[in-house]
Amino acid sequence: MNVANINNLNLVRVAMEGLMERPESMPGLGVFYGPSGFGKTTTTAAIAIETRAYYVQMRSAWSKKVFLEKICIEMSLEPGRTVSASLDAICEQMAVSQRPLIIDEADYAVAKSGMVELIRDIYEGSQAPVMLVGEEMLPKKLKKFERFHGRVLRWIPAQPVNLQDAQLLAAVYAPDLQIGDDVLTELVGLSHGS
């Protein structure tokens, strides 16, 4: 995966390292959030590869059962016959491996009854790092889930693209073109950070 080493990638890398290396007494949840187009999915997919994290991108139609089945598939586990059986298998796998779980499009979890509590159950049952990824209002939406919100160690706001990021992106996505800083500065201004 050829990804530009932009500011957001470094922010999430440092946050994930903090979650993975935290003292046992510290919580292990992280939330990476920001506007659409800020590269959150690309960033977290790259970090998942670097850290060997399990990575699941939620869908609006997923029930608890389907959500847990998709995590089981990502972990190369046979999904359980029940929600509880899948949850136990996931917790056991994460507890043993201590590999992080990244849940992209986590705004869908907030909109579904019991889904945030289920994610907290995964964390509590494994004590392995879990990072949610979502839109800029995700932290505000999570406030109503006090038992989850209080266990978030790292809140990572996605940063808009700056000139240095644009230079790095140009080198990856347009390596055969010479793009002047004046043009990149103009593009950064027009992009509104995306």
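The values are calculated or read from the model by the stated rules, or taken from the named source; none is laboratory data. Fair warning: this is a prediction, and the values are worked out from it, not measured in the lab. FYI the Cβ positions are ideal-geometry reconstructions off the backbone, even for glycines, and counts take in every protein chain you see. When the accessible area is computed, the model is the full protein with side chains, heavy atoms only, and any ligands, DNA or RNA have been set aside. Shrake-Rupley method; radii C 1.70, N 1.55, O 1.52, S 1.80 Å.
The table below gives the values:
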read-out	value
Gain in span if fully extended, Glu146 to Asp88, counting 0.36 nm per residue against the direct Cα distance	18.6 nm
Reciprocal mean inverse distance between Cα atoms of the chain - Kirkwood radius, Å	17.5
Ser25-Asp181 pseudo-label distance in nm [points 7 Å out on the Cα-to-Cβ vector]	4.8
Relative packing of 172-184, 99-111, which averages over residues the other C-beta atoms within 10 Å, highest first	99-111, 172-184
Note, ³J(HN,Hα) from phi for the stretch 27-34, Karplus 6.51, -1.76, 1.60, rounded to Hz, x at Gly and Pro	x, x, 9, x, 9, 10, 9, x
Principal axis dimensions, the stretch 90-152 - Cα atoms, whole angstrom, descending	33, 19, 19
Count, lysine Cα pairs under 17 Å in the chain, 8 or more residues apart or across chains	7
Integer Hz, Karplus 6.51/-1.76/1.60 couplings in order for the stretch 172-179, x for Gly and Pro	7, 8, 9, x, 8, 9, 9, 10
Length-normalised contact order of the chain in % [C-alpha pairs under 8 Å, at least 6 apart]	32
FRET efficiency, Glu50 to Leu118 (Cβ-Cβ, R0 22 Å, nearest 0.05)	0.25
Degrees between helix 115-126 axis and first principal axis of the chain (Cα, 0 to 90, nearest 10)	80
Accessible surface, per residue, of the chain when the full set of protein chains is kept, probe 1.4 Å, Å²	52
Crossing angle, helix 83-97 versus the chain [Cα axis fit, 0-90 degrees, rounded to tens]	60
By average C-beta atoms within 10 angstrom, highest first, the peptides 155-162, 140-147	155-162, 140-147
For Gln57, distant residues with modelled amide H under 5 Å away	Asp104
Förster-model FRET efficiency, 41 Å R0, Val96 and Val172, C-beta, rounded to 0.05	0.70
Highest to lowest packing among 79-92, 123-136, scored as the average C-beta count within 10 Å	123-136, 79-92
Per-residue ³J(HN,Hα) for the stretch 147-155, Karplus 6.51 cos²θ - 1.76 cosθ + 1.60, θ = phi - 60°, Hz, x for Gly and Pro	5, 7, 3, x, 9, 7, 8, 10, 9
Estimated distance in nm for a label pair at Asn10 and Leu163, the labels positioned 7 Å out from Cα along Cα-to-Cβ	1.6
